[in-house]
Amino acid sequence: ANISSDTVSVFGVTSAGVVTEQTGSPYVTGGTTATGLAIDALGARLYVSNKDSNNVSAFAIDATTGALTAAAGSPFLAGVGPESLSVDRSTSLVLVSNRGSTAQPGTTVSIFNSGVGAVLTPVSSSPFTVGSEPAEIGFGP
């Protein structure tokens with residue numbers, strides 16, 4: 001995630017080990033202050049937290065080219081100051097820690113279901129109240 005430009009850069013590695021930026025990269029997130037990244041276990045979906053716009057961008061990843069396609073409706077509203085993201089390996093759940101800002105410290109975690117084309121839908125009652133300024137988030141084994 002490129003914080004200052006609110007974009008995501010995508011790179012590939014050739015069979016000869018040469019690293020090149022993917023055509024079309026960088027991709028605009030549609031949010032402000034892109035801070036965190038998470039990719040699902042299949043490498044088919046990318047999620048980006050946008051701290052200052054309080055949302056999460058979602059992209060489908062082309063399996064052949066690595067090109068990103070923004071999900072319909074992206075970015076998706078999260079809590080205040082989303083930062084860290086985690087994608088469950090066996091379900092379609094995406095967790096987001098909402099750390100907040102200096103003026104408004106965060107106290108929530110957002111949980112989304114990821115649907116077709118990486119579209120995010122909040123689970124019932126999301127976001128959930130947790131301790132002050134949750135910084136990192138993850139799923140257990």
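The values are calculated or read from the model by the stated rules, or taken from the named source; none is laboratory data. Since we're looking at a predicted model, the values are computed, not measured. Glycine gets a Cβ as well: all are built from the backbone with ideal geometry, and neighbour counts include every protein chain shown. The protein model used for the area step is the full one, side chains on, heavy atoms only, and it has no ligands, DNA or RNA in it. Shrake-Rupley method; radii C 1.70, N 1.55, O 1.52, S 1.80 Å.
Restricting Val96, Val123, Val116 to those that are closer than 18 Å to Ala58 by Cα and crowded, with 17+ Cβ neighbours inside 10 Å reduces the list to Val96. In summary, Asp6 fulfils each of the numbered conditions (1) open to solvent by 40 Å² or more (accessible area, probe 1.4 Å); (2) under 22 Å from Gly106 (Cα atoms); (3) not small (Gly, Ala, Ser) with the single exception of condition (1). Does Thr69 count as open to solvent by 60 Å² or more (accessible area, probe 1.4 Å), without any contact (Cβ under 8 Å) to a residue 24 or more places away in the chain and not aliphatic (A, V, I, L, M)? No, not satisfied.
Picking from residues in region 36-63 that are in contact with a strand residue (DSSP E or B) (Cβ under 8 Å, 6 or more places away or on another chain) and among the hydroxyl-bearing types (Ser, Thr, Tyr), the one that is nearest to Ile3 (Cα to Cα) is Ser49. Entry remark, region 12-24: residues being under 30 Å from Glu83 (Cβ atoms) and free of Cβ contacts under 8 Å to residues at least 40 places away in the same chain number 4 in total. Given the options Thr64, Thr102, name the one that is out of contact with any Gly (no Cβ under 9 Å at 6 or more places or on another chain), assigned to a loop (DSSP other than H, G, I, E, B), open to solvent by 70 Å² or more (accessible area, probe 1.4 Å) and closer than 29 Å to Gly12 by Cα. After ruling out the rest, the residue left standing is Thr64. Scanning region 105-138 for residues that are within 15 Å of the chain's Cα centre (by Cα), in a loop (DSSP other than H, G, I, E, B) and either modelled with pLDDT of 90 or more or closer than 11 Å to Leu85 by Cβ (or both) gives Val119, Glu136, Ile137, Gly138. With a requirement of 1 or more residues that are farther than 29 Å from Ser97 by Cα and over 11 Å from the mean Cα position of the chain (by Cα), the strands (runs of 3 or more DSSP E) lying completely within region 9-57 that satisfy it span 11-13, 19-21. The one condition from (1) within 24 Å of Thr129 (Cβ to Cβ); (2) crowded, with 19+ Cβ neighbours inside 10 Å that Ser74 does not meet is (1).
When Gly31 is tested against (1) closer than 25 Å to Pro141 by Cβ; (2) open to solvent by less than 50 Å² (accessible area, probe 1.4 Å), just one condition goes unmet, and that condition is (1).
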